[in-house]
Every structure is written in C-alpha cells, then in structure tokens.
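Each remark here refers to the structure printed beneath this line.
Every number here is computed from the coordinates shown, using simple stated rules; none is lab data. Just so it is clear, the model here is predicted, and its values are computed rather than measured. Backbone-built Cβ (ideal geometry, glycine too); neighbour counts: all protein chains shown.
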Amino acid sequence: MTQHASKTRPHSETQPSNTQLSRFKTFTTLLAISTALPLAAQNTFPSSGDVGIGTTNPQGALHITEPGAPPPFLFGSQRGLLFGSSSASGFKWIQNYSNILALNPMGNNVAIGRTDAANLLDVDGAARVRSNSFTNLLMHGGSDDAFIDLTKQGATTPAARIELEGYASPSHHEGEVVFFTRKPTDSTIQERMRIRSNGNVVIPGALSAEGGVLVADSNQVSLINPRFNNLRTLTRSHACINEQGGGWFSIGSCLSDAEYARAVDLGDGFPKTGDLVSLAPGDEASDGESVFAVARSSKACDSTLVGFISEPEFGASGQQHDESYIPLAQTGFFNVSVTMENGAIKRGDPISSSSTPGAGMRSLGACRIVGYALEDAEDDGEIKVLARLGDDAGVMVEDLASRIEQLESRLAAFEKGAK
C-alpha cells in the first residue's frame with residue numbers, strides 16, 4: 001500500500017484592507033465622542049477645597065463669576081433656586097422660581113451688614129421700602145435717634161418724618177416722638193408736633209402766626225401765647241374762638257363773653273371802647289355778613305340797649321370781617337363811660353343808658369341795664385362795672401315799697417283815730 005504524504009496549506013498573515021481601517025477609525029471616534037458627551041454636561045466638585053464657576057481661582061467655598069442675568073421664567077422641573085452674578089462689578093442675585101423663598105424656616109436670626117443678630121432680622125444701616133418707583137419709606141438713625149422718612153425718588157430731603165428721639169446715655173432710657181412735614185415752600189422739613197416723655201403734646205410756636213404753644217396734659221389743654229402774656233397777672237379770663245373763615249379758627253384768651261359785632265355811626269360818632277351801645281335800625285345791618293348792627297346809645301333808659309364795647313386787646317369770639325366789627329361785651333369786669341345825669345353813682349347802682357351818646361347813668365326806674373357799678377363816681381368819666389345785661393326795677397320797687405309802707409302807716413293811724 002502506497003502511502004502518500006498529506007499536503008497541508010502553509011500558514012500566512014492576512015493584512016487588513018484600507019476599508020477596514022477606515023471603519024475602525026470611525027468607530028473609535030464615535031465611541032470617544034459618546035463617552036465625552038455626558039461628562040461635558042456635568043460639573044465635578046472636588047472632595048476638598050473651593051469651587052469656582054467661571055473662575056479657576058475661587059476665593060470662597062463657592063465663587064461665581066460667570067456673568068448672566070436671571071431668566072424671566074422656568075418651566076416644569078427646572079423651576080428651582082438660581083444664583084448668579086450680572087457682572088464682576090454688577091449686582092449679584094438669588095432667584096426663586098416656585099412658591100416661597102424661605103430664609104431660616106427652621107429658626108435662627110438673620111443679620112444684614114453685621115455678623116451677629118439679636119432679632120429675627122438685624123440690619124446694620126438704613127433700610128428702604130419702595131411701594132412704587134416714586135415713593136419710598138426710609139428707616140435710618142443716628143447715635144441716639146431713629147427716623148422714618150417718606151421720600152420721593154431722587155429727592156434730597158424727605159417730605160415727612162417721624163423721629164424717635166432718645167439719649168446717648170444708656171442709663172437715660174426715655175424718649176420723645178417728633179412729627180415733621182414739609183409744604184411746597186419749605187426748604188426742609190419742619191417740626192409740627194412733639195410728644196414728650198411725660199405724655200405732654202406740644203405744637204411749636206413757629207407754626208402759629210401768634211407764636212402760640214399748645215400743651216395737652218391728661219384731660220387739660222393750655223394755650224401759651226406771647227400776645228396774651230399780660231393775662232397772667234389778671235384774675236379772670238375766658239377763651240375766645242376767632243373765626244378765620246374756610247373752616248379755620250384760632251383760639252385766644254379774652255376777659256369777657258364778647259362777640260365781634262358790626263358797628264355804625266348814626267350821627268353820634270362811631271362807638272369806642274367803654275361806650276354803651278344799642279341796636280341800630282334794621283336797614284343798617286345788611287352788609288352781607290351780619291344780621292344786626294350796633295350804635296352808640298343816646299336815649300335814657302333805652303329798651304334796645306344790648307351791651308358795651310370792650311377793649312380790643314381783651315379779645316372776642318366770632319369773625320372780624322373788617323374794621324367796623326368791634327368786640328361787643330355783655331359780661332365781665334370793665335371800664336364803662338358814665339355821666340351824672342341821674343346824680344352821683346354809688347357802688348352797686350344799676351347802670352343804664354343816658355341821653356349822652358355812649359355814656360351810662362344811674363338807673364332810677366325800670367330800665368334795661370348793662371350791669372352794676374363797682375365803684376363810686378361824682379363826675380363824668382369811666383368806672384368799673386360788673387357787666388350783666390338785663391332788666392332792673394330795683395329802685396322803682398324800693399320806692400314803691402317805701403310808699404306802700406307810708407300808706408300802711410297812715411292807714412293804721414287813721415284806723416286808730418276813728419276808734
């Protein structure tokens with residue numbers, strides 16, 4: 001049997017074609033890109049050290065320099081909390097895009113401008129609240145005072161202020177509340193009212209044309225006015241309300257229940273201080289303001305006697321429309337012009353009008369009187385009178401009583417003789 005040696009094919013290495021090499025390069029490139037893409041969308045934070053966003057040299061635990069403004073809105077799951085910086089020199093921002101941004105919801109205090117906080121919010125410096133772009137509420141203070149200002153945008157002075165005045169000394173624990181306002185003609189705010197530490201309310205005199213100060217304490221109000229300083233030495237005074245028109249009035253001090261009344265001259269002269277006056281005829285009163293007018297009394301025991309003219313410096317109530325309005329008084333202690341037409345005047349005599357224009361006289365009959373003499377008089381002039389306008393028949397009643405007594409005496413004598 002003939003054996004044949006088997007033939008085998010020799011081994012040889014097969015080289016890749018150009019097409020195969022090209023396909024391999026494309027695969028490895030895609031693999032590298034697909035591997036790198038997820039990494040590019042993520043931030044890697046080191047386990048230690050600071051983190052910088054937009055900077056390779058962070059100066060704190062988290063340092064953001066990447067410029068950008070907060071987006072106007074976010075949708076869906078993107079609505080979170082964003083931090084950012086508008087620019088290196090611009091504003092820095094924190095923006096919440098859903099519900100409420102809560103600071104310390106679990107408690108603890110917040111400090112602004114300082115490193116410690118004794119209250120929920122502790123601000124070192126001024127705080128501004130803007131209700132709109134034009135009106136601002138500014139809260140600030142000094143070493144011992146605090147201010148709440150109403151300011152307009154761009155204004156250098158406030159329009160109104162509430163000032164809480166204290167004392168620099170910690171042991172002096174009391175204060176005052178001061179209110180300021182500013183009218184268009186004021187260059188700065190003006191103090192209008194002050195509440196003192198004892199509760200008194202003071203309105204500064206600079207606000208009043210009279211230079212007055214109103215002080216309210218408990219249920220009492222006092223008016224201190226330089227114009228009426230002379231009243232401090234007098235024993236009797238009243239308050240007079242002077243109508244200024246337009247709903248405005250001023251409060252002054254006066255010595256009588258006097259009212260401003262229109263006076264006219266009926267040929268006997270214009271009434272002056274101390275003159276007795278009577279009602280003028282009705283056609284003399286029509287000036288568009290007053291319903292009556294007065295003139296100097298020139299009739300003895302005039303039934304239209306209405307009072308006397310008091311001194312202008314003692315004040316009067318009502319409105320003084322012009323110089324023809326003068327103070328008409330009916331009660332008080334005043335000087336009154338008198339004449340001896342009915343004889344000498346004794347203290348306590350009733351005083352009525354006389355035939356001398358403006359002068360009073362001793363009343364001897366049932367007359368209209370202005371009051372009672374407080375001193376004797378034997379010559380024409382002025383005397384103190386306790387003014388009480390009314391009707392008096394005291395002398396007549398006294399004379400009638402005397403006559404009745406005489407008649408009774410005669411009747412008794414007649415009856416005794418008849419027996």
Note down the nm distance, to one decimal, between modelled labels 7 Å out along Cα→Cβ at L120 and at D379.
-> 8.6 nm
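May I ask you to derive the FRET efficiency for S87 and A127 from their Cβ-Cβ distance with R0 = 30 Å, giving the value to the nearest 0.05? Spell out each step's value before the answer.
Working: r = 26 Å, r/R0 = 0.86.
After rounding to 0.05, the efficiency reads 0.70.
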Cα-projected label distance for T157 with E341, points at 7 Å along beta-carbon direction, nm | 6.2 nm
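Once fully extended, how much extra length lies between E398 and N96, figured as 0.36 nm per residue of separation less the alpha-carbon to alpha-carbon distance?
On the way: separation 302, 0.36 × 302 = 108.72 nm, distance 10.07 nm.
That works out to 98.6 nm of additional length.
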Distance from a point 7 Å along Cα→Cβ of N57 to each backbone N in region 84-118: keep the residues under 18 Å and list them by number.
-> 88-89
